[in-house]
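The values are calculated or read from the model by the stated rules, or taken from the named source; none is laboratory data. The structure displayed is predicted, hence computed values, not measured ones. Cβ placement follows ideal geometry from the backbone for every residue including glycine, while neighbour counts extend to all protein chains displayed. In case anyone asks, the SASA skips ligands and DNA or RNA and just uses the protein heavy atoms, side chains included. Shrake-Rupley method; radii C 1.70, N 1.55, O 1.52, S 1.80 Å.
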Amino acid sequence: MKLTTSLLVGAGLTALPTLALAQDGPTPGVNASTDSVFIFNSLLFLIGGFLVFWMAAGFAMLEAGLVRSKNVTMQLTKNIALFSLAAIFYYLIGYNLMYPLGTWMMEGVLSGVWGPGVLEAVGVTADAADDYGYASTGSDFFFQLMFCATTASIVSGTVAERIKLWPFLIFVIVLTSVIYPLQASWKWGGGFLDEMGFLDFAGSTVVHSVGGWAALVGALILGPRIGKYNKEGRVVPMPGSNLALATLGTFILWLGWFGFNGGSQLAMGTVGDVADVSRIFANTNTAAAGGAIAALILTQLLYKKPDLTMVLNGALAGLVSITAEPLTPSLGAATLIGAVGGVIVVFAVPFLDKLKIDDVVGAIPVHLFAGIWGTIAVVLTNGDASLGVQLYSILVVGVFTVVASGIIWFILKMTIGIRVSEEDEINGLDMSELGMEAYPEFSKG
């Protein structure tokens, strides 16, 4: 049989000149090592992508558990609709807006590539692949779409229980087709923030803070739920309908985050890449644990009893905190970074209530505040990070998202309206907006 150099080396033998050897170099369809890189990189994107897709279920369950029973069907409807809209509009506009591939209309700011995304041909061969030395276009599109949809999911929980369905979905279309992809191009598309040296491995700022900023602006324009703050300014508790669902949602999100962060290694074709992916998994996991335990202990100290909702959000805040740099920290450092995220949540939730900013599920502390912390924390473990550049990038993305989101929210409010009537809000959005209940056999809660 014919022996290749790779087989000889793998067997510990020296190549002999009399043996028939395969051609050297990455010849399409011939060089097995290059084929392997393409295959394994594409596989990482696909596995990471469907794990991040599972986070959509996590958000749905978390939100369904934390809203009152009269609004559960609405939250479930919003979550499946927003994901579906993100899938369509990221394909139509967002993907090429986010990845100009060096073709800029405004250098480093606005993509010069417009139109729907295009996949490789059916049964494509190595010599015709878009990037044979890296990964398939379809796997990259699928993976990046999941991040886009995650950004929209963040907004859904904050504005729950008082927003109309269709204005919310219109906002989702703009967010996923323009707002998210445009600012993401500044970092992940090789734009001006990337050229400055901004580091955001998997999106503490690019994904999570963007969702958090958009949610914050929406909450401010919408106003709080009826009865959330009484005349004395005190917070009126509005317990969620199902903490078991909320806990399930948190575990699903925790699982999906391995794809979120691990897939963002963007390569699985070498021993070093695979080792790094495993390191990212371990750091992601321990950061979540650190956030959960920090919230557990802190709520015990502050309120004399642990608060499950704080613990759940503490775990999520730990995950958001480590997302900007899940590779370089040690396990101990990752735990501490996540723990700080958990502490942030415990203090941020009552802080927002003091400002009468009604965030139903705690998404702003988790995704915005912990996202900012995680982006800053990169400088603690990655020597290539600059604190000034990290802060500047947080500011740029924040200002852009606040202004863009504010414009869209305001236009919607002034035209079709974004908030349901007082009567509909009291009766619940399930019946007023959808005409069906999640728990029809029980009384409204």
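Points to keep in mind about this one:
Per-residue answers, yes or no, for (1) over 20 Å from the mean Cα position of the chain (by Cα); (2) modelled with pLDDT under 95; (3) open to solvent by 10 Å² or more (accessible area, probe 1.4 Å):
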{"residue": "LEU316", "(1), (2), (3)": "no, no, no"}
{"residue": "VAL320", "(1), (2), (3)": "no, no, no"}
{"residue": "GLU325", "(1), (2), (3)": "no, no, yes"}
{"residue": "SER330", "(1), (2), (3)": "yes, no, yes"}
{"residue": "ALA334", "(1), (2), (3)": "no, no, no"}
{"residue": "GLY341", "(1), (2), (3)": "no, no, no"}
{"residue": "ILE344", "(1), (2), (3)": "no, no, yes"}
{"residue": "VAL349", "(1), (2), (3)": "yes, no, yes"}
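- Exclusive hit being open to solvent by 20 Å² or more (accessible area, probe 1.4 Å), within 27 Å of LEU355 (Cα to Cα) and assigned to a helix (DSSP H, G or I), set LEU255, LEU296: LEU296
- When the residues of the stretch 108-136 are filtered to those that are surrounded by 12 or more Cβ atoms within 10 Å (Cβ to Cβ) and among the charged types (D, E, K, R), the one that is nearest to ALA267 (Cα to Cα) is ASP131.
- Hey, GLU437 more than 27 Å from the chain's Cα centre (by Cα), open to solvent by 30 Å² or more (accessible area, probe 1.4 Å), over 26 Å from TYR180 (Cα atoms) and modelled with pLDDT under 95 or not: yes
- Tally of residues being aromatic (Phe, Trp, Tyr) and at positive phi across the stretch 382-430: 0
- Here ILE226 fulfils each of the conditions (1) aliphatic (A, V, I, L, M); (2) in a helix (DSSP H, G or I); (3) open to solvent by 50 Å² or more (accessible area, probe 1.4 Å) apart from (2).
- Within the stretch 262-271, the only residue that satisfies the criterion of being in a helix (DSSP H, G or I) and open to solvent by 40 Å² or more (accessible area, probe 1.4 Å) is VAL271.
- Residues in the stretch 88-103 that are of a type outside the set (Ser, Thr, Tyr), in contact (Cβ under 8 Å) with a residue 12 or more places away in the chain and either more than 21 Å from ASP194 (Cα to Cα) or open to solvent by 40 Å² or more (accessible area, probe 1.4 Å) (or both): PHE89, LEU92, ILE93, LEU101, GLY102.
- If you filter the stretch 200-223 down to residues that are out of contact with any helix residue (DSSP H, G or I) (no Cβ under 7 Å at 6 or more places or on another chain) and of a type in the set (A, V, I, L, M), you find that the one that is surrounded by the fewest Cβ atoms within 10 Å (Cβ to Cβ) is LEU220.
- Residues that are under 21 Å from LEU66 (Cα atoms), open to solvent by less than 80 Å² (accessible area, probe 1.4 Å) and touching a residue at least 12 places away in the same chain (Cβ under 8 Å) within the stretch 408-434 comprise ARG419, VAL420, GLU425, ASN427, GLY428, LEU429, ASP430, SER432, GLU433, LEU434, listed in sequence order.
- Test: LEU66 is closer than 30 Å to ILE221 by Cα and open to solvent by 40 Å² or more (accessible area, probe 1.4 Å): no
- Of the residues in the stretch 360-379, none is assigned to a helix (DSSP H, G or I) and open to solvent by 80 Å² or more (accessible area, probe 1.4 Å).
- Beta carbons closer than 8 Å, at least 6 apart along the sequence or on distinct chains, pair a first residue in the stretch 322-333 that is over 19 Å from TRP254 (Cβ atoms) with a second that is open to solvent by 30 Å² or more (accessible area, probe 1.4 Å) and of a type outside the set (Phe, Trp, Tyr) for THR328/THR381; SER330/THR381; ALA333/LEU380; ALA333/THR381.
- Among the residues examined, ALA87 qualifies as among the small types (Gly, Ala, Ser), in contact with a Leu (Cβ under 9 Å, 6 or more places away or on another chain), within 15 Å of PHE171 (Cα to Cα) and part of a helix (DSSP H, G or I).
- Unmet requirement for SER405, which otherwise passes all of (1) hydroxyl-bearing (Ser, Thr, Tyr); (2) open to solvent by less than 20 Å² (accessible area, probe 1.4 Å); (3) under 21 Å from PRO167 (Cα atoms); (4) touching a Ser or Thr at 6+ places or on another chain (Cβ under 9 Å): (4)
- Candidates LYS413, LYS444 - the one that is more than 22 Å from the chain's Cα centre (by Cα), among the basic types (Lys, Arg), closer than 28 Å to THR73 by Cβ and at pLDDT 95 or above: LYS413
- Conditions (1) farther than 29 Å from GLN183 by Cβ; (2) modelled with pLDDT of 95 or more: number failed by ILE80: (1)
- Those residues of the stretch 380-401 which are aliphatic (A, V, I, L, M), in a helix (DSSP H, G or I) and in contact with a helix residue (DSSP H, G or I) (Cβ under 8 Å, 6 or more places away or on another chain), in sequence order: LEU380, LEU387, VAL389, LEU391, ILE394, VAL396, VAL397
- The residue list THR150, THR137, THR125 contains one member that is touching an Asp or Glu at 6+ places or on another chain (Cβ under 7 Å) and among the β-branched types (Val, Ile, Thr), which is THR137.
- Selection over the stretch 187-199 of residues that are more than 15 Å from CYS148 (Cα to Cα) and touching a helix residue (DSSP H, G or I) at 6+ places or on another chain (Cβ under 8 Å) gives a count of 8.
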